[in-house]
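What follows is calculated from the coordinates using simple rules that are stated; it is not laboratory data. Owing to the predicted nature of the structure, the values given are computational and were not obtained by experimental measurement. In this analysis, Cβ positions are derived from the backbone assuming ideal geometry, glycine residues included, and neighbour counts consider all displayed protein chains.
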Amino acid sequence: MMLFGKISQQLCGLKKLPWSRDSRYFWGWLNAVFNKVDHDRIRDVGPDRAASEWLLRCGALVRYHGQERWQKDYNHLPSGPLDKYKIQAIDATDSCIMSIGFDHMEGLQYVEKIRLCKCHYIEDGCLERLSQLENLRKSMLEMEIISCGNITDKGIIALHHFRNLKYLFLSDLPGVKEKEKIVQAFKTSLPSLELKLDLK
């Protein structure tokens, strides 16, 4: 397991180099492997541990409830009772998370903040999937979506299902075209939301 974690971190780091078209297909396939959901693993170790493994394998960071330190090393995931470490925050900056991996989040009950920044595989379907997860609808307080080129108005509008969302920051999203419509939708559905836009 430790060896796999080191290899995955090295491979995720390599994907930032310029590659040919064929290489892009290879990296897309490899990232899909990293995102594959193992339901037996979720059952055996619990949703928070399984989701932590998935997120770190893909280059994201997690922070657990009651801790200030971000967990970034797959090989140093905390051990102990499986129900001790609950994910409170996710920073997916420059990660390779994609829609096929989002089933890992189904059992998470304590996630309050998610940051999606420069996530090349994130698309509207990912945000729609997140907004369908009942536990996240209750727990989510803050979201930041920055420089995710595949996100459009449709994905952003789906976030109105997070009924306890207090803060939403949207920046550098070229696929989002109708800012005023988004502002109006959130004013209606989440009147106490602090919505910050840095969109062209």
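Within straight-line reach of Lys166, meaning a Cα separation under 24 Å, sit the following lysines at least 8 residues removed in sequence or on another chain: Lys86, Lys113, Lys118, Lys138, Lys154, Lys177, Lys179, Lys181, Lys187, Lys196, Lys200.
At q = 0.21 Å⁻¹, what log₁₀ I(q)/I(0) does the range 49-200 have when each alpha carbon counts as one equal point scatterer in the Debye sum? Calculated log10 I(q)/I(0) at the listed q: -1.40. For the range 71-81, 3J(HN,Hα) computed residue by residue from phi via the Karplus equation (6.51, -1.76, 1.60; θ = phi - 60°) reads 8, 10, 10, 4, 6, 10, 4, x, 9, x, x Hz, glycine and proline entered as x.
Per-peptide packing, taken as the mean over residues of other Cβ atoms within 10 Å, places 70-76, 194-200, 51-57, 86-92 in the sequence 51-57, 86-92, 70-76, 194-200 from highest down.
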